[in-house]
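The structure appears below as structure tokens.
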Amino acid sequence: MTQHDQTAPGGLRLRPLWLLGTTLAVAALSACGGKPPESEAARPVIAQPVTTADSAQALRFPGEIHARYEMPLSFRIGGQLIARYARLGDTVKKGQPLARLDDADASKTQASAQAALDAAEHRLVFATQQRDRDEAQARENLISRLQLEQTRDAYAAALAGRDQARQQLALSQNQSRYTTLVADRDGSITSEQAEVGQVLAAGQAVFGFAWSGERDVFFDVPEDRLSDVATGQVATVNVLALSGKPIAARVREISPAADPQARTYRVKASIDEPGAQLRLGMTADVALAPAANQGKSVRLPATALFHQGEKTAVWVVRAEDSKLELRPVSVLRYGERDVLVNSGLNAGERVVMQGVHTVSAGEKVQPVAPPHPEDAPL
């Protein structure tokens, strides 16, 4: 008998207690068919903390100074241009003659209308005298009632003929006056579109004209930034030719349709206090203040978006247990490679950037950096 064995009363041999306990534990595990519990393995995913970006910092556009009202000037009638009194760049005053057409035909038309009015007035004088005589004779029962009615009808026709001739003369006088192109307000000549000797149709442009006074800055906005611009939005204009303080402006008009070639939208901002040194055509840099729906936003790569039905969401790694949570977000703007999220995320939260369709809610993950720097959040 070895030194570890013991003999019980009756001659039985006993094994040590520690060996017996180990044997029982192994037997119990074998009976249950189980294995020792293992901790849940964390799945590696590409996730990075997000940072807020001030979307207003990107809202800078090149612009150009324009007059609030710009239009072509043209004659109301057709004819041959025989004189042009204004040149490109001239500043003109209201009522100043700018150009003139050949008025020979207009003068003849006016003379003919004057002669027609003279004849109509003579006929009216005769019809008036005839009416007075017939009314006096009718009171004495010297003429029939039918003759009196005929006389009154001739008078009414003569009166209407005289009024018609007057209107025709006024029209011909207007036609004669329209042979001279006159500035209807103060402004500047911005272009010359007709030459002396040219035969013009009614309404054909002769000059480009810009009103004096109010000034706008025009700039073009790409379609992916249009949601950042709103009517009434405050803007700051820095004119490159003027090294003074920035000029305050406000968006007053946004084009409803894109330019067919450039696919950009024309935006017009009114300048609050245009100075005398602010000239038409000057180039400017326009900076837009945040609109009502702007502010601190989160920029993410487009691969981070996950669509939960009709809603847009992202996978967020919870800080307390490193498990995934599907969180709905609101997208402010879509870009070519990125999106701008304006609600649903906070700075510092880790978001799954790639492989969003291979994970599930509640799954424990281990965030890792993207393998390429260009895949990092913008």
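Quick notes on this one:
- Candidate set from segment 244-263 (those that are part of a strand (DSSP E or B) and over 10 Å from the mean Cα position of the chain (by Cα)); member that is surrounded by the most Cβ atoms within 10 Å (Cβ to Cβ): A249
- Residue in segment 337-351 that is surrounded by 14 or more Cβ atoms within 10 Å (Cβ to Cβ), modelled with pLDDT of 85 or more and assigned to a strand (DSSP E or B) present: yes
- Near pairs, Cβ below 6 angstrom, 6+ apart or cross-chain, from segment 140-156 (farther than 19 Å from H122 by Cα and free of Cβ contacts under 8 Å to residues at least 60 places away in the same chain) to any residue that is in a helix (DSSP H, G or I) and hydrophobic (A, V, I, L, M, F, W, C): L148/A138
- Of all the residues in segment 139-190, those that are loosely packed, with under 15 Cβ neighbours inside 10 Å, under 49 Å from the mean Cα position of the chain (by Cα) and of a type in the set (G, A, S) number 1.
- Scanning segment 115-138 for residues that are surrounded by 16 or more Cβ atoms within 10 Å (Cβ to Cβ) and more than 21 Å from A170 (Cβ to Cβ) returns A127, Q130, R131, D134, A138.
- For segment 192-220, a residue qualifies if it is of a type in the set (A, V, I, L, M, F, W, C) and touching a His at 6+ places or on another chain (Cβ under 9 Å), and the qualifying residues are A210, V217, F218.
- Being at pLDDT 90 or above, aliphatic (A, V, I, L, M) and assigned to a helix (DSSP H, G or I) is a description that applies to L171.
- Condition check for S270: hydroxyl-bearing (S, T, Y) and at pLDDT below 90: no
The values are calculated or read from the model by the stated rules, or taken from the named source; none is laboratory data. Quick caveat, the model's predicted, so the values are computed rather than measured. Neighbour counts are summed over all protein chains in view; Cβ atoms, including those assigned to glycine, are modelled from backbone coordinates with ideal geometry.
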